[in-house]
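Note sheet for the following structure.
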Amino acid sequence: MSGERHLDLISGEVLAIDKPLGWTSFDAVKRLRGAIQRRLHLKRFKVGHAGTLDPLATGVLIVCTGRATRRIEELQAGTKEYVATLQLGATTPSFDLETEIDATYPYDHVTLEAVEAILPRFRGSIMQAPPIFSAVKIDGKRAYKLARKGAEVELKPKPLVITELEIVSFEPPRLELRVACSKGTYIRALARDIGQALGTGAHLTALRRTRVGEIGIGSCLSIDEAVDLINNAPLDFPDYFIQQEHN
């Protein structure tokens, strides 16, 4: 068929996936790796992802196969774009729905004008303290593991860049924002900080990554579509692999 996509999984493919809600990034990689191993009749095969998405987030996840895994650092360095939904007036320890609400605050004073007034302080180069429920390491241990044990965790602020930050919709207590930012930005932490700046609390209730670098959500495949592509697309093989197969 004219225009049919061929795959060279060994030399390397970059697959753009729309990660489903509830899946870890590793779940997605594992599913695709399994399909590739079955298709190529291999017991092991290198597959990785560029930029982790939390289980409660959906959207663009870049998955690299074979030699394309060498591009992971380059790909995950690209600007990322998100649509984030915040709930004002309440906080959680994880800054999202992973944990239960631990405090509530008045939010009736928060107007659209108030939100517009505080957003400029979060644009450009800023410092952000990562969430304690994160994979940041403290003395070799993941912060979220320490936090779940009730240990006191303090993470130092890190520099990052938010290039775009705008209101999508505002229906109190729901605030939806579009964010374009650098690698290492925690949108959950941004929700926390925006809530504090507004004189209330806030936590993240939904997050969708709509772009990584030049790859937008419109060019992404569902997990099932990606598996179908791996199972059925014509395969190309690098010369060295063909030679090995015939020796």
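When the test is whether a residue is in a loop (DSSP other than H, G, I, E, B), among the hydrophobic types (A, V, I, L, M, F, W, C) and surrounded by 15 or more Cβ atoms within 10 Å (Cβ to Cβ), Val60 does not pass it. Any residue at all in the range 109-117 that's of a type outside the set (Lys, Arg), in contact (Cβ under 8 Å) with a residue 60 or more places away in the chain, within 28 Å of Phe170 (Cβ to Cβ) and not in a loop (DSSP other than H, G, I, E, B)? Yes, the range 109-117 contains at least one residue that is of a type outside the set (Lys, Arg), in contact (Cβ under 8 Å) with a residue 60 or more places away in the chain, within 28 Å of Phe170 (Cβ to Cβ) and not in a loop (DSSP other than H, G, I, E, B).
Looking across Ala197, Ala206, Ala180, Ala191, one residue alone is of a type in the set (A, V, I, L, M) and more than 24 Å from Thr79 (Cα to Cα). It is Ala197.
Is it fair to say Asp18 is under 16 Å from the mean Cα position of the chain (by Cα), surrounded by 15 or more Cβ atoms within 10 Å (Cβ to Cβ), at pLDDT below 95 and in the same structural domain as Glu225 (by TED's automatic domain parsing)?
Considered against the rule, which asks whether it is under 16 Å from the mean Cα position of the chain (by Cα), surrounded by 15 or more Cβ atoms within 10 Å (Cβ to Cβ), at pLDDT below 95 and in the same structural domain as Glu225 (by TED's automatic domain parsing), Asp18 comes out as no.
In the range 174-225, the residue that is farthest from Leu112 (Cα to Cα) out of those that are hydroxyl-bearing (Ser, Thr, Tyr) and in contact with a Leu (Cβ under 7 Å, 6 or more places away or on another chain) is Ser182. Of the residues making up the range 136-150, none is at pLDDT 80 or above, over 12 Å from Gly184 (Cβ atoms) and in contact with a strand residue (DSSP E or B) (Cβ under 7 Å, 6 or more places away or on another chain). Pairing each residue of the range 159-173 that is in the same structural domain as Val110 (by TED's automatic domain parsing) with any residue that is aliphatic (A, V, I, L, M) and part of a loop (DSSP other than H, G, I, E, B), provided the two are 6+ apart or on different chains, yields C-beta distances under 8 Å for Pro172/Val110.
The values are calculated or read from the model by the stated rules, or taken from the named source; none is laboratory data. Predicted model, so just to flag it, every value in this text is computed and none were measured. Backbone-built Cβ (ideal geometry, glycine too); neighbour counts: all protein chains shown.
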